[in-house]
Amino acid sequence: MASDFDNSLRILVIHGPNLNLLGTREPEIYGATTLAEIDAELASLAKQAGCELDAFQSNHEGLLIDRIQEARSNADGVLINPAGLTHSSVSLRDALIASELPVVEVHLSNVFAREAFRHHSYVSGIAVGVVSGFGPRSYRLGLDALIGHLRDAQA
Ligand code: DQA
């Protein structure tokens, strides 16, 4: 764990493919908030909670996996919106398992109210929990839940 020598938690936020387009991508589904706005809010919430937060977005599965592998030695928990890889990537799931870190999965849209192929997630089964359907608030709720989970584990 990264916090063996101090009490501050380090959270890694991972955003999957196409989330860099938030704000202009299908706004009727994903809303008008940009990824930069989401990251800024998460950074501010983490700071208020006394946590360090690092956010990473990529359209490339391998880069996401590289970043998750690194997290094993420098983070305490992962907040992830795997985007389309949610429904397709065994490798992303394997990387999250290998990290041995608690994972919270979030989605802006309610994936269960959408096409059937979005109803299955390769991540949910290895996550502490899932937040889906609340727009940018899903990230805020997910961060709060992850921090709470980590603090419980510290107690
Ligand atoms: C998403 C839902 C996924 O099904 C989709 O492929 C995305 C975004 C969401 O946040 O609602 O890219 O993860």
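Take the alpha carbon gyration tensor of region 39-142, find the square roots of its eigenvalues, order them as a ≥ b ≥ c, and report rounded if a/c is under 1.5; if not, report prolate when a/b exceeds b/c, else oblate.
Oblate, because a/c is 1.5 or more while a/b does not exceed b/c.
Quick one: helix 61-74 against the long Cα principal axis of the chain, what's the angle to the nearest 10°, folded into 0 to 90?
Result, in degrees: 20.
What residue among GLU100, GLU52, GLU26 has the largest mean-square fluctuation in a Gaussian network model of the chain, using Cα springs under 10 Å?
Highest fluctuation of the listed residues: GLU26.
Short version: ³J(HN,Hα) in whole Hz for each residue of region 15-26, in order, from phi by Karplus 6.51 cos²θ - 1.76 cosθ + 1.60 (θ = phi - 60°), x for Gly and Pro, what are they?
So the J values, rounded to whole Hz, are 10, x, x, 6, 6, 5, 8, 3, x, 10, 7, 5.
Treat every Asp and Glu Cβ in region 40-155 as -1 and every Lys and Arg Cβ as +1, leave all other atoms uncharged, and give the resulting dipole magnitude about the Cα centre to the nearest 20 debye.
320 debye
Given H placed 1.01 Å from N in the peptide plane, which residues other than close sequence neighbours of GLY16 have an amide H under 5 Å from its amide H?
Long-range HN contacts for GLY16: ASN81, ALA83.
Taking the Cα centre of region 1-101 as the origin, how large is its charge dipole in debye, to the nearest 20, when only Lys and Arg (+1) and Asp and Glu (-1) carry charge on their Cβ atoms?
120 debye
Does anyone have the angle between helix 35-48 and the longest principal axis of the chain? Alpha-carbon axes, 0 to 90°, nearest 10?
30 degrees
Could you give the angle, 0 to 90 degrees to the nearest 10, between helix 136-154's Cα long axis and the longest principal axis of the Cα atoms of the chain?
30 degrees
Roughly how many percent of the accessible protein surface of region 10-154 is carbon and sulfur, given a 1.4 Å probe and a whole-percent answer?
Solvent-exposed carbon and sulfur of region 10-154 make up 51 percent of the total.
Does region 30-71 come out rounded, prolate or oblate, given a ≥ b ≥ c as the square roots of the eigenvalues of its C-alpha gyration tensor, rounded meaning a/c under 1.5 and, failing that, prolate meaning a/b above b/c?
Details: a/c = 4.18, a/b = 1.25, b/c = 3.35.
Because a/c hits 1.5 or more and a/b fails to exceed b/c, region 30-71 counts as oblate.
Can you work out the accessible area per residue across region 10-154, with the rest of the protein chains kept in place, probe 1.4 Å, in square angstrom? List each step's numbers first, then the result.
On the way: 6720 Å² over 145 residues.
Counting only protein heavy atoms, the per-residue value for region 10-154 is 46 Å².
The values are calculated or read from the model by the stated rules, or taken from the named source; none is laboratory data. Just so you know, these numbers come straight off a predicted model, no measurement behind them. Every residue, glycine among them, receives a Cβ derived from its backbone with ideal geometry; neighbour counts consider all protein chains shown. Ligands, DNA and RNA are excluded from the accessible area calculation, which covers all protein heavy atoms including side chains. Shrake-Rupley method; radii C 1.70, N 1.55, O 1.52, S 1.80 Å.
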